[in-house]
Every structure is written in structure tokens, then in C-alpha cells.
Amino acid sequence: MTIHIPLAVGCNVDDLLPKAYELAAKLQATLDNNASPRLHLTADSLALIMEPFTPLQADFSMKTWQPRRDAGKNQGLIRACKPQKGMTIIDATAGWGRDAAILASFGAKVVMLERCPWMCALLQDALERQDANSRKLLQLELVPQDAIKYLQNLSIQDYPDLIFIDPMHPERTQSALVKKELQVLQMMIGPDNDAATLLHLAQSRVKQRVVVKWPQRLPPLGLPNHIVKGKTVRFDVYFNL
């Protein structure tokens, strides 16, 4: 995974400048309040500024995940993963964390892996901004690490029940890029060219199964044991090796 566009950090609050400098140093970024894209720090939150989009944030507050939780168990994600209390799930490609939040809302403990440093900064900010109910109800953990390296070093006793993978797939047509969050990831990060490698490794590091979220029009990464179809995406289910 490569960040194709240079990233900066911005901050218009003098009291937050030390924190902004610390974040910029961590990301090996410049401090520039006018750059696009940039991670912009305010007294309330951290946001990604990238023209022409409106500011983007990761969000684990109840208002964002509760509607999907209320949609019930007929959603493709839930039908494929079957999250429940006492279950441990690794979300190997966390992205904005939205699927992780809905999986956690059904009672599972979800470990989010994310290798993109600026995305990790946004996820960490979202975890710190959680409302009290979300903090109590969602078992979410962020690990800022490449999923392949993480799984390679995972002890047998720590294998999760399920590993969920939602790779950035080969670039789609503009008409298919419906959500601005996805457009930004596509532009700034590009496709996960090691998705097939990650899938194979995940199958050997999981107790039950691996679920891959994948576009309907593309061939699967491997030979799935089961498929849960949706409108534009499907969930390919692979049993453990």
C-alpha cells in the first residue's frame, strides 16, 4: 500500500500546535494549514481535508453505527460474519472502521488492523471521541500494523474466530465510486495488491473462517466455500486451513 498524494498536518489553534507538530513528526509530514490533502486538528477532533470533498472523519459515535445495527441480521455483512457476544473478530483492513463498528455492535470483540499511518490517526481520534454508550457497548481495539506482519506473528492461542477483509480492489469506474470516503481512499492509497496473500495467510490464522468483502463484478480472490450476495458487493466465505 502506498500513499500516492503527499500529506500535511494543519492546525489553527495555538494551544494545539505542540500536538500538531507531534502528529506531523509521527507521520513524517509538513505543517501546512492550506495544504490539500491534510489532517486538520481542532479542539474537538481530527479531520481529513481534501478538496473538493467536505471534511472527513472516522466516527464511532452511536448515531453512526446504531442505524445499521437496527437494520438487523439480514445485512450481507452480518449474514456472512454472524457476530455475537464472546466472539473475536480481526478486521484486517479497517479503513474508516464502519464495518468494524457494526460487527462490534452485535457483541463481538473487534481488533482493527490498519497499516496506513494517517488513517490510524483518524481512527484513534474517533476512539477517543466515542460517546459513553458507544464506549460501553463496542469492544473495539486499534492496532496500527500491517495485517500480514501481524498475522505472521500471531500465537495460536490468539487466533480469532473470524477474520474480515475488505481490500481496496483494482480501481473502479467513476460511476461506481458512490461514497466520498471510498473515493478518497482510492485516490490516496490505491489497491491492495497483496490481498490474495493476506487471504491465504488469514485462512491459516483463524479458528473458523475468513470473510472477504468483494465487488460482485470481480472474480473472487480464491475458491470460496460459501458466498453471501448483496446488491453491489458480495461476501466470499473461506473456511480455515
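The values are calculated or read from the model by the stated rules, or taken from the named source; none is laboratory data. The structure displayed is predicted, hence computed values, not measured ones. Note: accessible area is taken over every heavy atom of the protein model, side chains too, but ligands, DNA and RNA are not part of it. Shrake-Rupley method; radii C 1.70, N 1.55, O 1.52, S 1.80 Å.
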Global form of the range 1-134, assessed from the alpha-carbon gyration tensor, a/c cut-off 1.5: prolate
Correct choice for mean projected area of the Cα convex hull in nm² that was computed from the model, options [x] 13.1; [y] 15.8; [z] 22.7: [x]
Nearby lysines by direct alpha-carbon distance to residue 180 (threshold 24 angstrom, same-chain neighbours under 8 apart not counted): 63, 213, 229, 231
Rounded accessible area of residue 44 (nearest 10 Å², 1.4 Å probe): 130
For the range 69-201: rounded, prolate or oblate by the Cα gyration tensor [a/c cutoff 1.5]: rounded
Hydrodynamic radius of the range 57-133 per Kirkwood, over alpha carbon pairs, in Å: 12.7
Rounded, prolate or oblate (a/c below 1.5 giving rounded, otherwise prolate when a/b exceeds b/c) for the range 112-174 by Cα gyration tensor: oblate
Beta bridge orientation in the chain: antiparallel %, DSSP, nearest 5: 40
Overall Cα dimensions of the range 26-85 - principal axes, largest extent first, Å: 45, 24, 22
C-alpha center-to-center spacing [the range 216-241, the range 24-46] in angstrom: 38
Carbon/sulfur fraction of accessible area - the chain, other protein chains in place, 1.4 Å, %: 51
